[in-house]
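Worksheet: the structure to be examined is printed underneath.
The values are calculated or read from the model by the stated rules, or taken from the named source; none is laboratory data. Treat the numbers as computed from the prediction; the structure is a model and nothing was measured. Here Cβ is always computed from backbone atoms with ideal geometry, including for glycine, and neighbour counts include all displayed protein chains.
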Amino acid sequence: MLIDKILSNLNNFADLGRQKAFELGNPYYYQAANDSEYWRKEMPTGETFLVLFEVKYDQDGHPIKIVDTFQERIS
């Protein structure tokens, strides 16, 4: 069944999102289990930073901007 095939590949979604972000020249954000309220910001250059992460929304509730505050360079 098609749905079973899609569900079996859920781990690929994060990799596809990362790849698309880098193709567009954007950073990729993700949260590791031990990061508590912090997020990791991975740049297309391979640098990774620990940041505080906030999403700004328009009047209709659609995300329009990501604001991150640098905390620490990881790599």
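Scanning segment 20-54 for residues that are surrounded by 11 or more Cβ atoms within 10 Å (Cβ to Cβ) and more than 17 Å from Glu72 (Cα to Cα) returns Lys20, Ala21, Phe22, Asn26, Pro44.
In the condition set (1) touching a strand residue (DSSP E or B) at 6+ places or on another chain (Cβ under 8 Å); (2) surrounded by 12 or more Cβ atoms within 10 Å (Cβ to Cβ); (3) modelled with pLDDT of 90 or more, Gly17 is compliant with all but (3). Determine, yes or no, whether Phe13 is outside any loop (DSSP other than H, G, I, E, B), of a type outside the set (Ser, Thr, Tyr), without any contact (Cβ under 8 Å) to a residue 24 or more places away in the chain and at negative phi. In short, yes.
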